[in-house]
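Working notes, beginning with the structure itself.
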Amino acid sequence: MDIQTSKIELVKMILNIENDQFIEKITAFIQNEKADFWSELSIVEQKEIEKGIKQLDEGKRVNYKYFLKKIS
């Protein structure tokens, strides 16, 4: 089932609900649903994270204690 079909089915289910409290819960859930943090990052931030992951995959790591001393 594709995303559009799923949305239509979801709307059909919601239209058949008569419980006000449940509708309020669904509404609150949808309003509070947060976007994936990745899409909220700038391209520069995404590239830096990808670079760090690549370095870790290549075995390029820094000792945590060394890192703390370096930034202190």
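Kindly list, by first and then second residue, each pair from a residue in the range 24-42 that is within 22 Å of ILE14 (Cα to Cα) and without any contact (Cβ under 8 Å) to a residue 60 or more places away in the chain to a residue that is open to solvent by less than 80 Å² (accessible area, probe 1.4 Å) and among the aliphatic types (A, V, I, L, M), limited to pairs with Cβ atoms under 8 Å and residues at least 6 apart or on different chains.
Sorted first by the residue in the range 24-42, then by its partner, the pairs are ILE26/ILE14; ILE26/ILE17.
Which one of the conditions (1) open to solvent by less than 100 Å² (accessible area, probe 1.4 Å); (2) assigned to a loop (DSSP other than H, G, I, E, B) does GLU18 fail to meet, given that it meets all the rest?
Every listed condition holds for GLU18 apart from (1).
One line per residue, one yes/no per condition, for (1) modelled with pLDDT of 95 or more; (2) part of a loop (DSSP other than H, G, I, E, B); (3) open to solvent by less than 90 Å² (accessible area, probe 1.4 Å); (4) in contact with a strand residue (DSSP E or B) (Cβ under 7 Å, 6 or more places away or on another chain):
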{"site": "GLN4", "(1), (2), (3), (4)": "no, no, no, no"}
{"site": "ILE8", "(1), (2), (3), (4)": "no, no, no, no"}
{"site": "GLU24", "(1), (2), (3), (4)": "no, no, no, no"}
{"site": "ALA28", "(1), (2), (3), (4)": "no, no, yes, no"}
{"site": "ALA35", "(1), (2), (3), (4)": "no, yes, yes, no"}
{"site": "ARG61", "(1), (2), (3), (4)": "no, yes, no, no"}
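Please work out if PHE67 is in a helix (DSSP H, G or I), at negative phi and open to solvent by 100 Å² or more (accessible area, probe 1.4 Å).
No.
Step by step: first the residues of the range 37-59, then only those that are out of contact with any helix residue (DSSP H, G or I) (no Cβ under 8 Å at 6 or more places or on another chain) and in a loop (DSSP other than H, G, I, E, B), then the one that is most open to solvent (accessible area, probe 1.4 Å). Which residue is that?
Top of the filtered list is GLU58.
The values are calculated or read from the model by the stated rules, or taken from the named source; none is laboratory data. Owing to the predicted nature of the structure, the values given are computational and were not obtained by experimental measurement. Glycine gets a Cβ as well: all are built from the backbone with ideal geometry, and neighbour counts include every protein chain shown. For accessibility, only protein heavy atoms count, side chains too; no ligands or nucleic acids. Shrake-Rupley method; radii C 1.70, N 1.55, O 1.52, S 1.80 Å.
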